[in-house]
1. Answer yes or no: is there a residue in segment 327-349 that is under 30 Å from PRO8 (Cβ atoms), more than 15 Å from the ligand (Cβ to nearest atom) and either among the β-branched types (Val, Ile, Thr) or out of contact with any Gly (no Cβ under 7 Å at 6 or more places or on another chain) (or both).
2. Looking at (1) closer than 20 Å to GLN219 by Cβ; (2) away from the ligand (no atom under 15 Å from the Cβ); (3) open to solvent by less than 40 Å² (accessible area, probe 1.4 Å); (4) among the polar types (S, T, N, Q), which one does GLN173 not meet, given that it meets all the others?
3. Checking the structure you have, find out if any residue of segment 219-227 is within 20 Å of the chain's Cα centre (by Cα), β-branched (Val, Ile, Thr) and within 30 Å of VAL35 (Cβ to Cβ).
4. I need the full set of residues from segment 315-326 which are within 14 Å of SER57 (Cα to Cα) and either open to solvent by 10 Å² or more (accessible area, probe 1.4 Å) or in a loop (DSSP other than H, G, I, E, B) (or both), in order please.
5. Among (1) open to solvent by 30 Å² or more (accessible area, probe 1.4 Å); (2) within 19 Å of ARG231 (Cβ to Cβ), which single condition is VAL81 missing?
6. Of GLN222, GLN212, which residue is within 16 Å of the ligand (Cβ to nearest atom) and open to solvent by 40 Å² or more (accessible area, probe 1.4 Å)?
7. Tell me, please, whether a residue that is modelled with pLDDT of 95 or more, of a type in the set (Gly, Ala, Ser) and within 14 Å of the ligand (Cβ to nearest atom) can be found in segment 227-244.
8. Quick check on segment 84-98: of everything there that is touching a strand residue (DSSP E or B) at 6+ places or on another chain (Cβ under 8 Å) and touching a residue at least 60 places away in the same chain (Cβ under 8 Å), which residue is surrounded by the fewest Cβ atoms within 10 Å (Cβ to Cβ)?
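The values are calculated or read from the model by the stated rules, or taken from the named source; none is laboratory data. If you're wondering where the values come from, they're calculated on a predicted model, not measured in any experiment. For neighbour counting, all protein chains shown are included, and Cβ atoms are generated from backbone atoms with ideal geometry for every residue, glycine included. These area figures cover heavy atoms from the full protein model, side chains too; ligands, DNA and RNA do not enter into them. Shrake-Rupley method; radii C 1.70, N 1.55, O 1.52, S 1.80 Å.
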Amino acid sequence: MSLPTQAPGQTYRFDQSFEWNFVNGPQFTAPFPPVPQTPMKTFLGLPVRSRLGVPASILSTSRWLETYARLGFDVLTFKTVRSIARLCGSPPNWLYLDEADLARHLADPDAPLHAVDQPTPGCGLTLAGSFGMPSAPPSFWQPDLERACRSIGDGQVVIGSIVGTAGEGVSDQAFIADFDRLTRQVCEAGVHAVEANLSCPNVGRAEGELYQDSERSGQIAQAVRAASGGRPVLLKTGPFASPQAMRGFLQRVNGHADAVVMINAPARRIVRADGSPAFPPGRERAGVIGARILPIALDAVRTARQLIAADHLALQVIGAGGLTTPADARAFLDAGACAAQSATGAMFNPYLAIQTKHADPSI
Ligand SMILES: Cc1cc2nc3c(=O)[nH]c(=O)nc-3n(C[C@H](O)[C@H](O)[C@H](O)COP(=O)(O)O)c2cc1C
C-alpha cells in the first residue's frame, strides 16, 4: 500500500516516520491567528479558557504542545510516557479506511475493515493507527515535559499521561510501582493533572486492555492517587463491551480517580483488499481514529454519565473520539462530558479550537 495522502494544513507528516515527526514536528509554518478570548470556566477545579483540548496522542514533545496551546487548545495531554524508552512500531503507522466498510461494520468488533490508499472524498477522515505506545526515556521526556508546562498560557492545563510497562518477569507489584514512579516524575515536571492510560489498542494485552480488569484498574488508580500530590487523577479507557462492564469499572475506581477519559481508539482487524493483514505481524488489530468513531465515543460518555448518576459516584467524564467540528465539541459537553478532546481532528485542522471558540465561546 502507498503512504496515506497528506491533507492540506495537516501538522503530522504522513510521508515521514514517527521519529521524524517527533524531532521535527509539528508542521505548522503559518502565522498564529488571534485566539478569541473566551470566558473562564473550570475543568476539574482548574481555571480554563475552554473545555476543549487534545488527548494523549500527537503532543509528543514540548514543541507540539506549545504549538497547540498557541492555537487555543486549552486541555492539553502530553503523549503517554513510560519509565523506559520504547521504539514506535515499524511503518505503516496510519492507514485510511474504506468508508463503505466503516458505515456497515464499525460497530462490530470482529468485522475486518479494509485499508485504502486515499480517503473517500466528501467523508470525514477516519484512519487506523498502529504505533505501540512509543516513549522517549525519562531523561529526555521529563525536562521536555517541564518545558511544555512552562510554555502554556493563562487558562490552560497540561495533563501528564503515563503507562506502566508490562513484560515477562515484571511482577504485578512492580507494574503498579511503575505507575507510582511515573506519577511522581510527571508531577515533578509540573503537570496539573495525571492520567493513567489503561487502554492502547495495539500493545500487549497486559497494558492495552487494563481497563477491562476492574480490580487492576482500581489498584493502579489508588497508586496514582497516592503519588499525585492532590492533583486530579484521570483514567483513560477504551470502549467497554457492555454497560455492565463499564459499571463494574466505574464502581471500582470511584474514590480513587476524579475522571475517566473516554474513549481510546476501538481496536479492529485491518486488512488489505486480498484479506491479508494490513499492518505488520503482531499488529493485526489496530485502533480506529477520527470522524467515524464519534457515535461510539458519545455513547460511551452518555452511558458513563447515566451510571455515575445512578450509582451516585464522584466521577467526571472527558470525551474523546471523532471530534472534528465545533458541533462535535458541543455534542460531547451536551452528553455530559466536562471537557472534550480531539486528536485526529486537531491534526488535520489545527484551527479547530479557534473555530470552536468563534462558534461557541461557552465551550
Ligand atoms: C497518533 C496518535 C497517537 C496516540 N497515542 C496515544 C497515547 O499515547 N496514549 C493514549 O492514551 N491515547 C493515544 N491515542 C488515542 C487518542 O488519545 C484518542 O483516544 C483517539 O485517537 C480517538 O480520538 P480521535 O478520534 O480524536 O483521534 C493516540 C492517537 C493518535 C492518533
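1. yes
2. (3)
3. no
4. Once the filter is applied, which keeps residues that are within 14 Å of SER57 (Cα to Cα) and either open to solvent by 10 Å² or more (accessible area, probe 1.4 Å) or in a loop (DSSP other than H, G, I, E, B) (or both), segment 315-326 yields GLY321, GLY322, LEU323.
5. (1)
6. After applying the criteria, what remains is GLN212.
7. Scanning segment 227-244, I find at least one residue that is modelled with pLDDT of 95 or more, of a type in the set (Gly, Ala, Ser) and within 14 Å of the ligand (Cβ to nearest atom), so the answer is yes.
8. We begin by selecting, within segment 84-98, every residue touching a strand residue (DSSP E or B) at 6+ places or on another chain (Cβ under 8 Å); these are 84-86, 93-98.
Cutting the leftovers down to touching a residue at least 60 places away in the same chain (Cβ under 8 Å) gives us 84, 86, 93-97.
Details: ILE84: 10, ARG86: 18, ASN93: 24, TRP94: 20, LEU95: 23, TYR96: 22, LEU97: 27.
Among those residues, the one meeting the criterion is ILE84.
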